[in-house]
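Since the structure comes first, as structure tokens, the remarks are kept for the end.
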Amino acid sequence: MKSSSSIEDLIPHLLQAKKVVVLTGAGVSAESGIPTFRGRDGLWKKYRAEELATPYAFISNPRLVWEWYDWRRQLIADKQPNPAHLTLAKWENIFPSFWLITQNIDGLHQQAGSRRLLELHGNIWKMRCVDEGTVFENRTTPLPEIPPHCPDCGGLLRPHVVWFGESLDSSLLSEAFRLSHECEVMFSIGTSAIVQPAASLPVAAAENGALLIEINAEPTPLASVAQFNFYGRAGEILPQIHQALLQALEKNSSASLGKNRTTKARKTEK
Ligand code: BJW
């Protein structure tokens, strides 16, 4: 199939789809004011994310790494979901099976209302005891103590996120691959699609016959694999697709599946 960037052409595929999976990355939160990792905004002081998001950086200088996370927690704390997050939350009520797989650790998808959500790289609002492995939710910003210590055993706490060279939670990853293999439509949104293993999920879906749609500010390695490519701001493109989908569902309301979806979709619009 030749690639397209027409929403009109995409809608018939979405109307047919029962199993839809979306992979998101930092670009989805960019319009909420949260910097992405790569590109001009990706620097903190003189450090790149790749230099700080590693277990080696943490072992050699926990204070520096925690200062970076404390800065990011303060930056994220007052940020709100944007139309991209809100649209994806609505899609849980539109498609018969819908799953959101995110690489983001900012919690904005949950804040937008998404519940069928896998957070592959953890969550910045959680901390983990290096000694005991206990996980705590902690939303205090700024942190009163850097680096923070475990309230139970006094051990060093670390952010409950996945750094380079660390394995992702194996059950979460298996579930993400299962959903990607089984879906009929997969969206890859706001990710540079270079960090593994997350970047393999859309490829796995496409290899298993799913329709792949990329929405990103710029082409990524997925561009040649995707059948639909939309380049621009996710917070503008997703609502446009959503509106076109709702209009098509209204027209199709005589079909029983379409009827159910339209009723649910209308509810979510209230
Ligand atoms: C917009 C927009 C708008 C902007 N609208 N779009 C196989 C081959 C080679 C290497 C590896 C491999 N397997 C594993 C590796 C090593 C490594 C890896 O992938 N390295 C690559 C860089 C090559 N992977 C790992 O180490 C992973 N672990 C692992 O696989 O364990 C087993 C193993 C280990 C070692 C060797 C082999 C196997 C773990 C990866 C963990 C990633 N962690 C981070 C930090 C999380 C915590 C934190 O946030 O602090 O996760 S790094 C960072 O990158 C973060 C992100 O989730 C992740 C992905 O970034 P993302 O989301 O794509 O952001 P950007 O900035 O890259 O892109 C944003 C995009 O949005 C851009 O394209 C913009 O244009 C676009 N955009 N505004 C739409 N408005």
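Per residue, the solvent-accessible area of the chain (1.4 Å probe, heavy atoms of protein chains only, all protein chains present) comes to 47 Å². Under a 10 Å cutoff between Cα atoms, tell me which one of P12, P62, P35 has the largest fluctuation in the Gaussian network model of the chain. With Cα springs under 10 Å in the chain, the top fluctuation among P12, P62, P35 is at P12.
For Y47, nonlocal amide neighbours, meaning residues 5 or more places apart or on other chains whose placed amide H falls under 5 Å from its own, do not occur.
DSSP beta bridges fully contained in segment 93-191 are about 75 percent antiparallel.
Roughly how many percent of the accessible protein surface of segment 75-225 is carbon and sulfur, given a 1.4 Å probe and a whole-percent answer? Result for segment 75-225: 50 percent of the exposed heavy-atom area is carbon or sulfur. Sorting 179-185, 235-241 by their mean Cβ neighbour count within 10 Å, with the most densely packed peptide first, gives 179-185, 235-241. For segment 15-55, take the alpha-carbon Rg, divide it by the Kirkwood Rh, and send me Rg/Rh. Computed over Cα atoms, the ratio is 1.20. The listed peptides 98-108, 192-202, ordered by packing as a protection proxy, come out as 98-108, 192-202 (highest mean of other Cβ atoms within 10 Å first). Ranking R72, R178 by solvent-accessible area of protein heavy atoms (1.4 Å probe, all protein chains present), from largest to smallest, gives R178, R72. Our coupling estimate for segment 163-169, obtained by passing each phi through the Karplus curve with A = 6.51, B = -1.76, C = 1.60 and θ = phi - 60°, is 9, 4, x, 9, 7, 6, 3 Hz, Gly and Pro reported as x. Packing order of peptides 134-143, 80-89, highest average first: 80-89, 134-143 (average count of other Cβ atoms within 10 Å over each peptide's residues).
Residue pairs exceeding 25 angstrom between C-alpha atoms, taken from K18/K79; K45/K79; K2/K251; K90/K251: K18/K79; K2/K251. Within the chain, DSSP assigns beta bridges of which about 30% are antiparallel (rounded to the nearest 5).
The values are calculated or read from the model by the stated rules, or taken from the named source; none is laboratory data. Given the structure is predicted, the values throughout are model-derived calculations rather than measurements. All Cβ positions, even for glycine, are placed from backbone atoms using ideal geometry, and neighbour counts span all protein chains on display. Please note that ligands, DNA and RNA were not included when accessible areas were found on the heavy atoms of the full protein model with its side chains. Shrake-Rupley method; radii C 1.70, N 1.55, O 1.52, S 1.80 Å.
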